[in-house]
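Asker: So that we are looking at the same thing, I have put the structure below in structure tokens.
The values are calculated or read from the model by the stated rules, or taken from the named source; none is laboratory data. Computed from a predicted structure; not experimentally measured. Methodologically, a virtual Cβ is constructed for each residue, glycine included, from the backbone with ideal geometry; neighbour enumeration extends over all protein chains shown.
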Amino acid sequence: MSDVRKIIHIDMDAFYASVEQRDNPDLRGRPVAVGSPRKRGVVAAASYEARAFGVRSAMASVTALRKCPALVFVPPRFEVYRAVSRQIRAIFAEYTPLVEPLSLDEAYLDVTENLRGLPTASATAAEIRARIVADTGLTASAGISYNKFLAKLASDHRKPNGQFVVTPAMGPAFVESLPVRKFHGVGPATAEKMNRLGIHTGADLKRQPLDVLCRHFGKSGPWYHAIAHGADDRPVVPDRPRKSSGSETTFSDDLTDLAAVEEGIVEMADDVWAWCEKTRVFGRTVTVKIKYGDFHQVTRARTLPHAVTSQQMLRDVAVGLMRSVYPLAIGVRLVGVTVSHFPGAEDVDAAQLDLDFAAPATWPS
């Protein structure tokens, strides 16, 4: 058997927005954003019609409306998205047991030995994408390569509803041609820092010695050095343990009233507790996140000797952590509560970060 792995990265096309357009024919062909148009709303997903105007996920709703006045906002329906995601994962399982979900709408699949006996990874990806359309009415794009890093890059190359292969012979040159901001694992701040150092493309990154990258980027240096050469040895890891579950919300106006802030903390704690009860997974560490009106952010955490096993206990710990930052010198813009440190926890339902909407957001990490 060849030592070259066959990795597919499947990425659903504008997933949340596409589900809404599928379920509501009136939305088809129109610029759609999933989220809330309120003052501090955020776009969770944008249809391709909206993207043509420059609307993107994580964009402030007011900015999105300025770019596209005809933008139609629809509230998120996370239970529907999760149900569709389960349908898609059931399809994956027919082709390989090695599936690593990254979020509700994307996953890595190792099809080096696919269960259907298909001759190539490209044929496997094409059949999976056809099955997704047939079963859900939604389209997906796929990247196929010999490692996860390149497969993820490749899945963006033929979006929407396409697929692209990066072979071992193509890998190094493919990386060299791309801007570093396109690289998975290189965020905006890191990309800016790289640009200041004269590193704009994969070719620029490849020219940097390992010691130079370690000096400027610390522990991430070896990773950047490896991907610049098209190398990524990470395996596809199915059933990755869930590390935390949390919920956060952005207030319509900055809050200085302590009772109102604590009410928000309790609501977020109750959201998290609902997940804990449903999954029967309980953690020992409670973390409270506070973002002030000037966008300064702090966190406070407490690790208990035993798991939090009651709603009231979670409320009390979360409120106590909130009170540790009193008195408030400035209004509070956002609060969040997270539970982590799950002993022996199993990954119940990986989901992507749900941004701030009219309703609180809940996410695993």
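Asker: Looking only at the stretch 74-112, filter to residues that are without any contact (Cβ under 8 Å) to a residue 40 or more places away in the chain and of a type in the set (D, E); which one of those is surrounded by the fewest Cβ atoms within 10 Å (Cβ to Cβ)?
Answerer: Per the stated criteria, the residue is E79.
Asker: Considering the stretch 274-298 alone, what residues qualify as being under 18 Å from E262 (Cβ atoms) and loosely packed, with under 12 Cβ neighbours inside 10 Å? Even if it seems obvious, please write down each step before you answer.
Answerer: Here is the first cut: in the stretch 274-298, the residues under 18 Å from E262 (Cβ atoms) are 286-293, 298.
Within the stretch 274-298, V298 is the sole residue that qualifies.
Asker: Out of the residues in the stretch 306-365 that are aromatic (F, W, Y) and either closer than 18 Å to K278 by Cα or under 18 Å from the mean Cα position of the chain (by Cα) (or both), state the one that is modelled with the highest pLDDT. Step through it out loud before you land on a result.
Answerer: Taking the stretch 306-365 as the starting set, the residues that turn out to be aromatic (F, W, Y) are 326, 342, 357, 363.
Those left that are additionally either closer than 18 Å to K278 by Cα or under 18 Å from the mean Cα position of the chain (by Cα) (or both): 342, 357, 363.
On the way: F342: 88, F357: 36, W363: 34.
That would be F342.
Asker: For the structure I just gave you, tell me whether D294 is without any contact (Cβ under 8 Å) to a residue 60 or more places away in the chain and of a type in the set (D, E, K, R).
Answerer: yes
Asker: Which condition does E248 not pass, out of (1) free of Cβ contacts under 8 Å to residues at least 60 places away in the same chain; (2) in contact with a Lys or Arg (Cβ under 8 Å, 6 or more places away or on another chain); (3) under 30 Å from D294 (Cβ atoms), if it passes all the others?
Answerer: Of everything listed in (1) free of Cβ contacts under 8 Å to residues at least 60 places away in the same chain; (2) in contact with a Lys or Arg (Cβ under 8 Å, 6 or more places away or on another chain); (3) under 30 Å from D294 (Cβ atoms), E248 misses just condition (1).
Asker: Kindly indicate the residue of the stretch 184-207 that is closer than 11 Å to A228 by Cβ and in contact with a Phe, Trp or Tyr (Cβ under 8 Å, 6 or more places away or on another chain) and also modelled with the lowest pLDDT among those meeting that condition.
Answerer: Step by step, filter the stretch 184-207, then rank; the result is V186.
Asker: Could you pull out the residue among V237, V281 that is hydrophobic (A, V, I, L, M, F, W, C), under 24 Å from the mean Cα position of the chain (by Cα) and assigned by TED's automatic domain parsing to the domain that holds S310?
Answerer: After applying the criteria, what remains is V281.
Asker: Taking the residues in the stretch 317-333 that are in contact with a helix residue (DSSP H, G or I) (Cβ under 9 Å, 6 or more places away or on another chain) and not in a loop (DSSP other than H, G, I, E, B) as candidates, determine which candidate is surrounded by the fewest Cβ atoms within 10 Å (Cβ to Cβ).
Answerer: Per the criteria, the residue is R323.
Asker: Mind telling me which of the residues V237, V212, V261 ends up being outside any strand (DSSP E or B) and either of a type in the set (D, E) or more than 30 Å from T303 (Cα to Cα) (or both)?
Answerer: V212
Asker: Using the structure shown, decide if R302 is surrounded by fewer than 16 Cβ atoms within 10 Å (Cβ to Cβ), under 22 Å from the mean Cα position of the chain (by Cα) and not in a helix (DSSP H, G or I).
Answerer: no
Asker: Kindly check whether there is at least one residue in the stretch 136-148 that is in the same structural domain as V4 (by TED's automatic domain parsing), in a helix (DSSP H, G or I) and over 22 Å from the mean Cα position of the chain (by Cα).
Answerer: Within the stretch 136-148, none of the residues are in the same structural domain as V4 (by TED's automatic domain parsing), in a helix (DSSP H, G or I) and over 22 Å from the mean Cα position of the chain (by Cα).
Asker: Please state which one of A70, A58 is at positive phi, touching a residue at least 12 places away in the same chain (Cβ under 8 Å) and either hydrophobic (A, V, I, L, M, F, W, C) or surrounded by fewer than 13 Cβ atoms within 10 Å (Cβ to Cβ) (or both).
Answerer: One residue alone meets the criteria, A58.
Asker: Which one of the conditions (1) out of contact with any helix residue (DSSP H, G or I) (no Cβ under 8 Å at 6 or more places or on another chain); (2) part of a helix (DSSP H, G or I); (3) not aromatic (F, W, Y) does L153 fail to meet, given that it meets all the rest?
Answerer: In the conditions (1) out of contact with any helix residue (DSSP H, G or I) (no Cβ under 8 Å at 6 or more places or on another chain); (2) part of a helix (DSSP H, G or I); (3) not aromatic (F, W, Y), L153 misses (1) alone.
Asker: Another question, then. Which numbered condition trips up R30, out of (1) part of a loop (DSSP other than H, G, I, E, B); (2) modelled with pLDDT of 95 or more; (3) closer than 23 Å to L153 by Cβ?
Answerer: Exception for R30: condition (3).
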